Each structure stands twice: as structure tokens, then as C-alpha cells.
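Here's the structure we're looking at; comments come further down.
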Amino acid sequence: MSKPVPAIIALVCVMALVACSSEADVTQAQPEPGQNLTVEGSNEEGPIFLTFGGFLHIDSSGANLCSSLAESFPPQCGDALVRIVGSADDIIDAARSSFDNPDDAPITTENDVTWSTEWVTIPGLLEDDRLIVD
């Protein structure tokens, strides 16, 4: 009967590498499409500051980051990844800041609906499954 010692040793090594990574390594990571979450240091006793990615969608029901947008006009949120809480202006400013030139950010407003045509990243505090932006 073979012993699972090599697998256990490999798991311990991976866990040690993750535990020893510096906070700077995490905060510099930028989400790519398909990667929607970057944690920037966490506090077990408080909210978590993070950067969340997706397509921005704001309508009368609220603001969300979505995994996709329906091809209707105006588009609808395909699958909401996280609800965003904050003023619409603060949320839009945060989304614009994820582009090199925020003034040219691909964010559109039509018929009281605002959306991004490209993936955006928005920093905030995660509390009760909501991204708090201020």
C-alpha cells in the first residue's frame, strides 16, 4: 500500500507559499476578464477591502457588476456578481478609473440605464455580500 506522503508534503508547501505571500503581491494584482475578485488585505474583525470586476449595470433596481450583459437595448444584467451600494456618481467614477483615460471610458447611459461595454474594476468594502463604494 503506497503512502500519500508526497501529496501531503506538496499541499503543505503550497499552503506555506500562500501564507507567506506579502500584502503588496495581492494589492498589485489587476483582475482580467474572467477573474472578478482581488482582495487587498483582509481584517478578520471587519469588512474586506477589495477590487471586484465585471460589467457595470445601473438601473432603477440598483447597481450591479455583472458577468455578462444581455444584447437588448438598453442591456440587462446577465448574471449579477455583486450588488454595488453608493451614489451613482461615485460608482460611475470608480468604474471610469479602471481605464487609462477615464474620460474615454466606455460607459453609456440611455433610458435611465447606465452600463459599461467593457469589463471594469471597482474598489470597495465587501459587507453583507454588497460592494460598498464611497
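Within the set of other residues whose C-beta is less than 12 Å from the C-beta of ALA80, count the net charge using Lys and Arg as +1 and Asp and Glu as -1.
Result for the neighbourhood of ALA80: -1.
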Full-stretch length increase - SER87, THR117 - with 0.36 nm per residue and alpha-carbon distance subtracted: 8.8 nm
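What is the sum of charges, Lys and Arg at +1 and Asp and Glu at -1, for the other residues whose Cβ falls under 11 Å from the Cβ of PRO106? Before the final figure, lay out each step's value.
Numbers: positive: ARG96; negative: ASP104, GLU118.
So the environment of PRO106 carries a net charge of -1.
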The simple spin-label model distance between ALA70 and ASP104, using points 7 Å out along Cα→Cβ, in nm, is 3.3 nm
In sequence order, calculated HN-Hα J values of region 120-134 (Karplus, 6.51, -1.76, 1.60; Hz; x Gly/Pro): 10, 10, 10, x, x, 9, 8, 9, 6, 6, 10, 8, 8, 10, 8
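Any number yet on Rg/Rh for region 54-106, C-alpha, Kirkwood?
Values: Rg = 11.1 Å, Rh = 11.5 Å.
Value, to two decimals: 0.96.
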Just to check I understand the Karplus step: with θ = phi - 60° and J = 6.51 cos²θ - 1.76 cosθ + 1.60, what whole-Hz values come out for region 63-68, glycine and proline as x? 10, 9, 9, 10, 6, 7
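All of the numbers you see were taken from the coordinates with simple rules; none came from a lab. None of the values given here were measured: they were computed from a predicted structure. Every residue, glycine among them, receives a Cβ derived from its backbone with ideal geometry; neighbour counts consider all protein chains shown.
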